[in-house]
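**Student:** This is the structure, below, for whatever I ask next.
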Amino acid sequence: MECPASRFPLARSGRSRGPGCPVDIEDEALCSRSWDGAWDLTAGGEAGSVRSVSPTGKPCHESAIKERSQGMVKEFVIEGDPADLSESPEGKIDYFGALNPSQLEAATHRDGPLLVIAGAGSGKTRALVYRVAFLVKLGIPPESILLLTFTRKAAQEMLARAATLIDSRCERVAGGTFHAFANQSLRQYADLIGFPRGFTIMDRGDAEDAINLIRAEMGLHRKERRFPRKNTLANILGKSINRNLPVPQIIHREYPHFASFTSEIVTLFEAYARYKRENGLMDYDDLLFHFRDLLRDHPEVCQEFGERYRYVMIDEFQDTNLVQGEIAGLLARTHQNIVVVGDDAQSIYRFRGATVQNILDFPKRFPGTKIVKLEENYRSVQPILDVANAVIGKASRQYRKKLFTHRTGGEKPLLLRTRDEHEQSKFVTQQILRIREEGVPLNEIAVLFRSSFHAYDLEVTLTRYGVPFVKYGGFKFFEAAHVKDVLAYLRVVLNPRDSVSANRLFRLLDGIGAQSSLDIVRWMAQAEDPLDLRRYDAKPRQASTLSRLGELLLMVRDARSSPTEKVERIIEHYRPVLEKRYDDYPKRARDLEQLLVITERFSDLHDLLAEMALDPPSKSIGETLAAVEEDEGHVVLSTIHSAKGLEWHTVFLIWALDGRFPPIMATESQADLEEERRLFYVAVTRARENLYITAPTQVYDRVSGSFFSRPSRFLADIPKKYLETGKIVPRR
C-alpha cells in the first residue's frame, strides 16, 4: 500500500534485518517503514505498540496506550498526551515544517533500537533535538532520558534548543559526555568497585607523571637500553584498555622495538593499577573501564540504570571505542530503547582507540534495529558532494548512502598540480588574497592537511605576504605546564595522597630535587595532617620554603573564601616561579588570568577540578583575543582530524599525494587505508562553496633529494567529469 503522506519518499515496504544484517547495505528496506495498512506494528516495541495514520494521511506517534494481556483481561496503560505532528499553532511543534522526511522519521521514533546514519552536513543535531522534544512532549519524564555526546557543550546546546521547542522540561534531560556520566555514576556506587566516593580524576599529564614515578621507583629509567618514555607507556596502556587487547599484543603490533621490555612494562602497569587504587585515583580510561565493569558485573545496578534511563541517545557513535560500545549495550539491555547517531564514513579516530565496528555492528548487537539514513546535505554544493560520494563509494565496508542537496549552482572542485611545495604555498596564499578581494572573510577560508608538518612552508609564505592565520594543533589550554602547575596546588589540597600532584608541586621549589620530593611525599602519606609541612623535618635550606607552602595549602583548605580568591592566592605564590622558569611569562600570566575567569563559574573546588579534567577549555586567552581583535579573523590552518565538525566557505586541501595522503605507513594495513579514505572524505565535506585540491609534482626530502610524486590514490576514484583541472602558467 502506498504511503498516504506524499511527503514521505521512504514509503517502501520492508523490515529491518536481524543479527545477520550485512553492513554493505544497498537494501533500501533497512531504512524504510511498512505501509501495508493503517496500523504498523513497530519493530522493537512492546506488544500492542502501534503507529497509526491520521485521517489527514500523516503518520501519528506510536500509540500512547500500551495494551497488555493478563489472562482473559486486557490492561491498558495511558502514558501521556500525543505529540501533534501537524502544522502547529503556538505551543505545538511544527515537525513537518522543520524536518525533512528522514529527519522526521528519526525524530519521531519512540521504542526499540534505531541507528541513524547521518551523512556529513545532513542535520543530525536537528533530528536529535526534535527527538528529545518529541519524547518529552509524549509525557516521558525528562529525567528518564539520557543523551550522551562527546563534549559537554554539545549536550547543553541540544537540550537548550529542545527547550525552545517546548519548555524548560527538556533541560532536565540527563545530558553530558561518557566520561562525565561515568564519573557521576561511579561516585554513587564507589563502594562496589572498591574506591572512595571522593576519588580524584587524573588527567593525561597526571597519569603520565604517575607512570614515570613508578618507572623511576622500579629502576627502569636506568636501563642500558632505552626504556619507553612516560607518554609512550601511557599510549600503550590506553590502547590496551580501549581496544580490549592484552598489553603484549599492543607492543608486538605497534611497538615491536620495545618487545624486549614487555614483561617489565606489564609489571609496571600492574604497579600503576595498584597505585591508583591505593591512593583513590582514576585516569580517563579508568572512568569508562570501571563503569563498564560496574554495569557488567553487578546485574542489579545495570537493572537500576535501565529503569532510571528508559531512553538512551548517543551522538557521534562512530567515534566510540570498544568500552563505550559495551557501555551503550549495557545501558539499553533492559529496554532496548536506544538511538545512536553517527556516520561510519567519518570514523577517523582509530589512533585514539575509536572503532568503526561499533556502528557497523550495531544491528547485530541490537536485533531488529531500524535504520534511517540522513542523506540530504545542507552544507555543500552538489559538485563538492559528487566528489565526496565518489571517494567514499569505494570504501570496502560501509552503509551505502549518497549525499545530495537542493542547493543550486556551485563550481566543480579544482585539482591543481604544482611544480613543488613552494609553488603550492604561493598558489594557496595568492588565491586566498584573491578570494578575500571577492568579499569572503579570512575566517571563512581553511587550509587542511594530513599532518601538521605539511603546513610549515605555507606558514612562512603566509607570513611573508602578511596573511594572518591561526593553526589548530599543539597543546590545549589545560595541558600547558603553567596551568597544570597551579592545578597541582588544588589537587594536593583536596587529596593530599595525590602523590603525582604533590611531586609536581615540590619540584617547583628551589632546593628540592627528585629524591627530596619523594621523601616529602612518603612523609605526607603517614602524617596526621599532611598539609602542615611545617612539621616535616626538612633540611635547613628547604625549611622556610616548605613552611610557606604549607601555610598556603592550609589556608586554601580551611578558609571560607571563594574558589576564585583561593586560586588568586595560589597564583601569587606561583608567580615568582613563573617568571623564573619561562621567558614568555607575560603571555602565560594572561592564561592564568583566564583560569581565574573560569574559576568564577564554580562555587566548589571539587567541581572546578572535575570540570577541568573532564571537559577543559581548548584555547588560551591569547588565541581567544586574537580572534576578536580582527573583524575578519584569520585563515585557519588545520589538520583534518582537528577540522572534523567544522565548515568553511572555501577549503584548500594540500599535499594530495601518495606517501603524504595517505602516508606510507597507512598503506601497510587495509584498516588504516580505509580510515585514510574516510579522512579524505571528511576533508572534502568541510567545504561549502569552493574546494581546491593541490598536489606538488616534485617532492624534496633531505635524505632522498628531489623526486617525482604520484597524486593520491583517492583522486583516481573520482571521475574526471567531477573535477576541473588547473595548471600554473608563466607570468606574462
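**Student:** Is it the case that some residue within the stretch 237-245 is touching a Lys or Arg at 6+ places or on another chain (Cβ under 9 Å), of a type in the set (S, T, N, Q), touching a residue at least 12 places away in the same chain (Cβ under 8 Å) and more than 17 Å from Met282 (Cβ to Cβ)?
**Tutor:** No, because not a single residue in the stretch 237-245 is touching a Lys or Arg at 6+ places or on another chain (Cβ under 9 Å), of a type in the set (S, T, N, Q), touching a residue at least 12 places away in the same chain (Cβ under 8 Å) and more than 17 Å from Met282 (Cβ to Cβ).
**Student:** Further, regarding this structure: Which number in (1) more than 30 Å from His335 (Cβ to Cβ); (2) touching a residue at least 12 places away in the same chain (Cβ under 8 Å) marks the one condition that Arg226 misses?
**Tutor:** (2)
**Student:** Please note which helices (runs of 4 or more DSSP H) are completely contained in the stretch 499-600 and include at least 3 residues that are more than 33 Å from the chain's Cα centre (by Cα). Working first, answer last.
**Tutor:** Values: elements: 499-506, 514-526, 540-558, 563-581, 585-599.
Answer list for the stretch 499-600: 514-526, 540-558, 563-581.
**Student:** While we're on this one: Looking at (1) touching an Asp or Glu at 6+ places or on another chain (Cβ under 9 Å); (2) not assigned by TED's automatic domain parsing to the domain that holds Arg677, which is the only condition Gly393 fails?
**Tutor:** Failed condition: (2).
**Student:** Here's a follow-up. Check off (1) within 23 Å of the chain's Cα centre (by Cα); (2) over 30 Å from Ala259 (Cα atoms); (3) at pLDDT below 90 for Ile145 and give me the number that stays unchecked.
**Tutor:** Every condition holds for Ile145 apart from (3).
**Student:** Could I ask something else about it? Here is a check on your reading of the model: is Lys370 touching a residue at least 12 places away in the same chain (Cβ under 8 Å) and out of contact with any strand residue (DSSP E or B) (no Cβ under 8 Å at 6 or more places or on another chain)? First the steps, then the outcome.
**Tutor:** Numbers: touching a residue at least 12 places away in the same chain (Cβ under 8 Å): yes; out of contact with any strand residue (DSSP E or B) (no Cβ under 8 Å at 6 or more places or on another chain): no.
Here the answer is no, as Lys370 does not meet what is asked.
**Student:** From the set of residues in the stretch 97-148 that are in a loop (DSSP other than H, G, I, E, B), out of contact with any Ser or Thr (no Cβ under 8 Å at 6 or more places or on another chain) and hydrophobic (A, V, I, L, M, F, W, C), which is surrounded by the fewest Cβ atoms within 10 Å (Cβ to Cβ)?
**Tutor:** Looking at the filtered set, the residue picked out is Leu138.
**Student:** Suppose we filter the stretch 663-688 for residues that are part of a loop (DSSP other than H, G, I, E, B) and buried (at least 23 other Cβ atoms within 10 Å of the Cβ); how many remain?
**Tutor:** 2
**Student:** For residues that are free of Cβ contacts under 8 Å to residues at least 60 places away in the same chain and outside any strand (DSSP E or B), tally how many sit in the stretch 159-180.
**Tutor:** Number satisfying all stated conditions: 13.
**Student:** Of the residues that make up the stretch 476-483, is at least one crowded, with 20+ Cβ neighbours inside 10 Å, touching a His at 6+ places or on another chain (Cβ under 8 Å) and assigned by TED's automatic domain parsing to the domain that holds Arg581?
**Tutor:** Checked against the condition, which is being crowded, with 20+ Cβ neighbours inside 10 Å, touching a His at 6+ places or on another chain (Cβ under 8 Å) and assigned by TED's automatic domain parsing to the domain that holds Arg581, the stretch 476-483 yields no hits at all.
**Student:** Is there a residue being within 21 Å of the chain's Cα centre (by Cα), surrounded by fewer than 22 Cβ atoms within 10 Å (Cβ to Cβ) and among the hydrophobic types (A, V, I, L, M, F, W, C) anywhere in the stretch 187-199?
**Tutor:** No, the conditions are met nowhere in the stretch 187-199.
**Student:** Cβ-Cβ under 7 Å, sequence separation 6+ or interchain: first residue in the stretch 453-473 and free of Cβ contacts under 8 Å to residues at least 40 places away in the same chain, partner among the polar types (S, T, N, Q). Which pairs?
**Tutor:** These pairs meet every condition: Asp457/Ser425; Thr461/Ser425; Thr461/Thr429; Tyr465/Thr429.
Okay, residues lined up against (1) part of a strand (DSSP E or B); (2) without any contact (Cβ under 8 Å) to a residue 40 or more places away in the chain; (3) within 30 Å of Glu675 (Cα to Cα); (4) in contact with an Asp or Glu (Cβ under 8 Å, 6 or more places away or on another chain):
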position	(1), (2), (3), (4)
Phe291	no, no, yes, no
Glu304	no, yes, no, no
Gln318	no, no, yes, yes
Gln324	no, no, yes, no
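**Student:** Let me ask something else. Please count how many residues of the stretch 402-457 are under 28 Å from the mean Cα position of the chain (by Cα), buried (at least 17 other Cβ atoms within 10 Å of the Cβ) and not hydroxyl-bearing (Ser, Thr, Tyr).
**Tutor:** 12
The values are calculated or read from the model by the stated rules, or taken from the named source; none is laboratory data. Note that the structure is predicted; figures quoted are calculated from it, not measured. Glycine also receives a Cβ, built like all others from the backbone with ideal geometry; neighbour counts cover every protein chain displayed.
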